[in-house]
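The values are calculated or read from the model by the stated rules, or taken from the named source; none is laboratory data. Everything numeric in this text was worked out from a predicted model, so none of it was measured. Counting neighbours? That spans all protein chains shown, and the Cβs are built from the backbone with ideal geometry, glycine included. In case anyone asks, the SASA skips ligands and DNA or RNA and just uses the protein heavy atoms, side chains included. Shrake-Rupley method; radii C 1.70, N 1.55, O 1.52, S 1.80 Å.
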Amino acid sequence: MPGVDLYLMSASPPCRSVLMACKAAEVEINVKNVDLFKGEHKEEAYTKINPMQEVPAIDDNGFCMGESRAIMCYLCDKHGLKPSLYPKEPQERAVVDKMLNFDVGTFNRAIGAFVGPQLFKKEDPDKDKEADMKRALDKFEKALDGNQYATGKTLTIADFCLLTSLILADALKYDLSPWCNIMAWFQRMKDLPYYEECNAPFYELVKSLSEKK
């Protein structure tokens, strides 16, 4: 079968980032669902594809790798039809890389630390973690000054990572209205034709967990 095999769990934030990047870049993929709840990521067949036993992962005609951000960079470089998503020009690419690193090191970490225990463990809000998240939101708000997207006027793969991080807070129904630039950017991302398809599974998972209270 032509195309790259993409192994994912549909509700997973990093998997959704890769899926959106593939749709934006028009990368031909074969989606292979991996059920983490059933332990399929620990089975021998999958471990051969990704020894880290995590999702997402790809198999591109025998070339296998994990890590969502690395996957997006690779697929855009090798198979993508939209070079602007991960530019070739060194300075433009550096800005995208900067925002990818901002997401993994600051934005996703801070939002996940505050939101995760509430969504998935039913814990009470932690004020210190909320303060960290607000600082991360402030930084992204400033980065968006004068920009339509995370790195400027053009959509890039960094936007997909930042989006799935922000969706954690949105799923918690956290009030994001004080961050006007983020709210405008969030709406632009929601207007993408593949937004609903790619992100609905996460909201459905959160809803199902809330109903189990």
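Looking only at region 126-156, residues that are closer than 18 Å to residue 167 by Cβ, outside any helix (DSSP H, G or I) and out of contact with any strand residue (DSSP E or B) (no Cβ under 9 Å at 6 or more places or on another chain) come to 3 in all. Exactly one residue out of 24, 45 is out of contact with any Phe, Trp or Tyr (no Cβ under 7 Å at 6 or more places or on another chain), in a helix (DSSP H, G or I) and surrounded by fewer than 13 Cβ atoms within 10 Å (Cβ to Cβ), and it is 45. If you go through region 107-149 and pick out every residue that is crowded, with 17+ Cβ neighbours inside 10 Å and of a type in the set (Lys, Arg), you end up with 1. Within region 165-174, work out how many residues are of a type outside the set (A, V, I, L, M, F, W, C) and in a helix (DSSP H, G or I). Selection size over region 165-174: 2.
Just checking, does region 86-101 include any residue being in contact with a strand residue (DSSP E or B) (Cβ under 9 Å, 6 or more places away or on another chain), closer than 28 Å to residue 27 by Cβ, part of a helix (DSSP H, G or I) and not acidic (Asp, Glu)? Looking for residues that are in contact with a strand residue (DSSP E or B) (Cβ under 9 Å, 6 or more places away or on another chain), closer than 28 Å to residue 27 by Cβ, part of a helix (DSSP H, G or I) and not acidic (Asp, Glu), one finds at least one in region 86-101, hence yes. Taken together, the criteria place residue 177 among residues that are within 22 Å of residue 149 (Cβ to Cβ), out of contact with any strand residue (DSSP E or B) (no Cβ under 6 Å at 6 or more places or on another chain) and either open to solvent by 20 Å² or more (accessible area, probe 1.4 Å) or not in a helix (DSSP H, G or I) (or both).
Kindly check whether there is at least one residue in region 194-213 that is open to solvent by 70 Å² or more (accessible area, probe 1.4 Å), in a helix (DSSP H, G or I) and among the polar types (S, T, N, Q). Looking through region 194-213, none of the residues is open to solvent by 70 Å² or more (accessible area, probe 1.4 Å), in a helix (DSSP H, G or I) and among the polar types (S, T, N, Q).
Which one of the conditions (1) of a type in the set (A, V, I, L, M, F, W, C); (2) part of a helix (DSSP H, G or I); (3) within 25 Å of residue 22 (Cβ to Cβ) does residue 184 fail to meet, given that it meets all the rest? Residue 184 satisfies every listed condition except (3).
Every residue, every condition in (1) modelled with pLDDT of 95 or more; (2) among the small types (Gly, Ala, Ser); (3) within 26 Å of residue 94 (Cα to Cα), yes or no:
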| residue | (1), (2), (3) |
| --- | --- |
| 154 | yes, no, yes |
| 163 | yes, no, yes |
| 168 | yes, no, no |
| 181 | yes, no, yes |
| 186 | yes, no, yes |
| 191 | yes, no, no |
| 206 | no, no, no |
| 209 | no, no, no |
